[in-house]
Amino acid sequence: MMRQVELVERVKGYDANADEDALNRAYVYAMKMHGSQTRASGDPYFSHPIEVAGILTELKLDHSSIITALLHDLVEDTDVTLDQIESMFGRDISRLVDGVTKLTRLELQSEQTQHAENFRKLLLAMSEDIRVLLVKLADRVHNMRTLKYIESADKRRRIARETMDIYAPLAERIGMQGFKDELLDLSFTELNPEGRASILTRLEFLQSQGDDLSNLIVEDLKRSLAKDGVEACVSGRRKTPYSIWTKMQHKNIAFEQLSDIMAFRIVVGTVEDCYRALGTLHAHYSVVPGRFKDYISTPKPNGYRSLHTGLIGPERHRIEVQIRTRDMHDVAELGVAAHWKYKQSEIKIDGRQYRWLRELLDILEHTANPEEFLEHTKLEMFQDQVFCFTPKGDLIALPRGATAVDFAYAVHSEVGDTCVGAKVNGRIIPLRAGLENGDQVEILTSRTQTPSPDWEQFVVSGKAKARIRRFVHMKEREQYSELGRQILLKSFREEGYELSDKALGGTLKKFKADTLDDLYAAVGKGNTAAREVLIAVYPGVRDTAKRRQLWPFRGRSRANKAKSTALPIKGLIPGMAVHYARCCHPLPGERIVGIVTTGKGVTVHTIDCETLASFEDTPERWIDLAWDLADSEETHTGRLHVVVANEPGSLGDLSTIIGKNLGNISNLKITNRSLDFFEMLVDVEVQDAKHLTDIMAALRAAPVVISVEKARR
Ligand code: MN
């Protein structure tokens, strides 16, 4: 473990202005707060942040990054809060620590994150300051270096797999070759120890065969360059077991040549020197066709620049050579970190967010290879999202610009519908406030709350929009529905009826409504006229007005008078006595038939009267009759079989309804009386069959009426 003095000296070594005091305080603070916690290795926990800081000094990162590394696990693993860190080390540091903490929390989610590719993008998108990502990568490097101490093989493999799928590509993406190689090799060691061992054995064998060979080649290259006056640093480097392994996998070949295991590097002063060195090599040695690549004029997406060429080198060995300047070399090794180093002077202390991400994207954009950059476009799309956490740590992805209301709906529709407020990172915020990457959002709800139409103005997610719109429509409909109910209530009252669910229930089909509310809403919106509904329930209403004019029915006096006038029936034999059957009470409008009875004359029955069965054998007694209704003022008696609820006022209701429909009760006989019902026969004087049908419809609509049928006996 790196000692305090050593760490501070290292930072001071490359950055004379580094805040020595803050570095010392961070070192001691991390040590104190992690206290007696231990790592799987048995080491004290605080050795981990100190090692991570040490790794970052190799990248010559600024003191803020180093301090962040020292503090990076405090918020997640101890009681230390961000506020405490801010008060001790300032806003910049607390923001960076917060960033790393969020990535760590994200990491904990990663088991459920199926798609490594998306997860990498997520990490990138969340690392608003590239230093956050650098600390996280160094964190992973150290965790991988100490992976072997973790007891569970499953856990080791999971972490190694995750490193290979997510962190190594991420390191490559931002150009950190060193991190990438180490992460891959450590993962490889865990995931395929046999494969790695076999490659190492083979490498050692090859190297023992040509131990001096690489030195020989380096010297030969140096001599050639010196002859042409190019000042250069030449070195040979063994490829990593993992890169050899993947090459073997992809190309399905065995490795036996020097070019398979060694790469030679020439570092020169200027870009011009790069091309001069290339010219020299191509003049002195044979060129392997198809191996030359100019990444100087066309850098790789991650900012990598170099000339690559393949030669038949000294001793007729095939070799690969990379030519680059010192700056290019730094970028190749350190990637974004090197980039950061050169731009250090431009960094503002208050640390503008997104600034580094934008720079990273700039680097990524400088590419001519569309294939490699397909991915980048996806990355940009990814920038359209914002990632927040529930208090339990679940990750919620939302469109950028999303508000607490969007978040609430994303959690659950019901949470959205009832949300009244939100806490972001523990502080109450307005519902319309935009959320930031990594915010922890707690939604406050109230059962009495309902979605506000105003919300529609500021939510951005489709789900929230749809739910709110639906609710607003529902609310609107409720209002229309209530209005419609009031209108109907009034129209019914004007005609002297009570509006009841029962009354309306039978008309739903006619108005193509599924529920009463639908019908009310239709009336409220004016799509259906209240009077139409009234008539549908009480068909008699339509005719009542007309009847009042044409047929000012006044009960018994009129009935008495009727007896003296001729019956409005066609087909009678003049002079023959006629009377209506008491079994079926035929009414005008109904089909009728006459039965001749000797000494009694003609009895008029309805065509469906059951009594007629007894005359089936004597067809000679039947005569065809029909109503002759022109100008008729005759009244007729219809008999109804009615069942009403046995409750106060039910008989009153019955007579009121019949009266309103201009019917006159001439006789009423209760035939059965139970605890719950009255069963009765009611004789009603009406104008015709339709008049009686209207009355029956009105009765059926009455809540107290259980059933109404025309009596058939
Ligand atoms: Mn850590």
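Please state, rounded to one decimal and in Å, the Kirkwood hydrodynamic radius that the range 4-191 gives when every pair of distinct Cα atoms enters the mean of 1/r.
Values: mean 1/r = 0.0600 Å⁻¹.
It is 16.7 Å.
Using a probe of 1.4 angstrom, how much of the accessible area of the range 410-482 is carbon and sulfur, in percent? Don't skip to the answer; put the middle values down first.
Numbers: 2070 of 4390 Å².
Within the range 410-482, the accessible surface is 47 percent carbon and sulfur.
Distance check, please: which entries in K502/K525; K148/K239; K180/K247 exceed 20 angstrom between their Cα atoms? Walk me through the numbers on the way to the answer.
Details: K502/K525 22 Å; K148/K239 23 Å; K180/K247 16 Å.
Beyond 20 Å: K502/K525; K148/K239.
Taking all protein chains in place and a 1.4 Å probe, what share, in percent, of the accessible surface of the range 4-191 do carbon and sulfur account for? Don't skip to the end; give the middle numbers.
Working: 3230 of 7150 Å².
It is 45 percent, rounded to a whole number.
For Y45, Y480, write out the residues from largest to smallest accessible area, computed with a 1.4 angstrom probe and no ligands counted.
Numbers: Y45 35, Y480 85 Å².
The residues order as Y480, Y45, largest area first.
How large is ³J(HN,Hα) for each residue in the range 608-614, as worked out from phi by the Karplus curve 6.51 cos²θ - 1.76 cosθ + 1.60 (θ = phi - 60°), to whole Hz, x for Gly and Pro?
9, 5, 5, 4, 4, 4, 6
Give the carbon-plus-sulfur fraction of the accessible surface of the range 577-617 in %, rounded to a whole number; probe 1.4 Å, heavy atoms of protein chains only.
50
Quick one: if you stick a label point 7 Å off each Cα along the C-beta vector at D154 and S198, how many nm between them?
Result for the modelled spin labels: 2.9 nm.
Order L534, L186 by their accessible area, 1.4 angstrom probe, all chains in place, largest first.
Working: L534 0, L186 45 Å².
Descending accessible area places them as L186, L534.
Heads up, I need the accessible area for R318: 1.4 angstrom probe, whole protein in place, Å², nearest 10.
The accessible area of R318 comes to roughly 90 Å².
Testing the spin-label approximation: label points 7 Å from Cα along Cα→Cβ at K12 and Q486. State their distance in nm.
8.3
Roughly how many Å is it from the Cα centre of the range 1-64 to that of the range 638-696, as a whole number?
One Cα centre to the other: 98 Å.
Work out the FRET efficiency for R432 and K227 from their Cβ-Cβ distance, taking R0 = 51 Å, and round it to the nearest 0.05. Each step should come with its number before you reach the end.
Values: r = 73 Å, r/R0 = 1.42.
Calculated transfer efficiency: 0.10.
If I model a spin label at R316 and K512 as a point 7 Å from the Cα along the Cα→Cβ vector, what separation in nanometres do I get?
So the label points at R316 and K512 sit 9.3 nm apart.
Rolling a 1.4 angstrom probe over the protein heavy atoms, how many square angstrom per residue are accessible across the range 636-710? Let's see the in-between values first.
On the way: 3030 Å² over 75 residues.
Here the residues of the range 636-710 average 40 Å² of exposed surface.
Listed here are the pairs K423/K475; K60/K423; K32/K392; K510/K710; which of them are more than 32 Å apart at the Cα?
K60/K423
Find how many whole Å separate the alpha carbon centroid of the range 567-598 from the alpha carbon centroid of the range 133-175.
Distance between centres, Cα-based: 104 Å.
Where only protein heavy atoms count, and the probe is 1.4 Å, what is the accessible area per residue for the range 4-191 in Å²? Mind showing how you got there, number by number?
Working: 7150 Å² over 188 residues.
In whole numbers, the range 4-191 has 38 Å² accessible per residue.
Find how much the distance from R621 to V472 grows on full extension, using 0.36 nm per residue of separation minus their present alpha carbon separation; answer in nm with one decimal. Could the numbers behind the result be given before it?
Working: separation 149, 0.36 × 149 = 53.64 nm, distance 7.15 nm.
Answer, rounded to one decimal: 46.5 nm.
The values are calculated or read from the model by the stated rules, or taken from the named source; none is laboratory data. Here the structure is a predicted model, which means the values were calculated and not measured. Please note: Cβ atoms are built from the backbone with ideal geometry, for glycine as well, and neighbour counts cover all protein chains shown. For accessibility, only protein heavy atoms count, side chains too; no ligands or nucleic acids. Shrake-Rupley method; radii C 1.70, N 1.55, O 1.52, S 1.80 Å.
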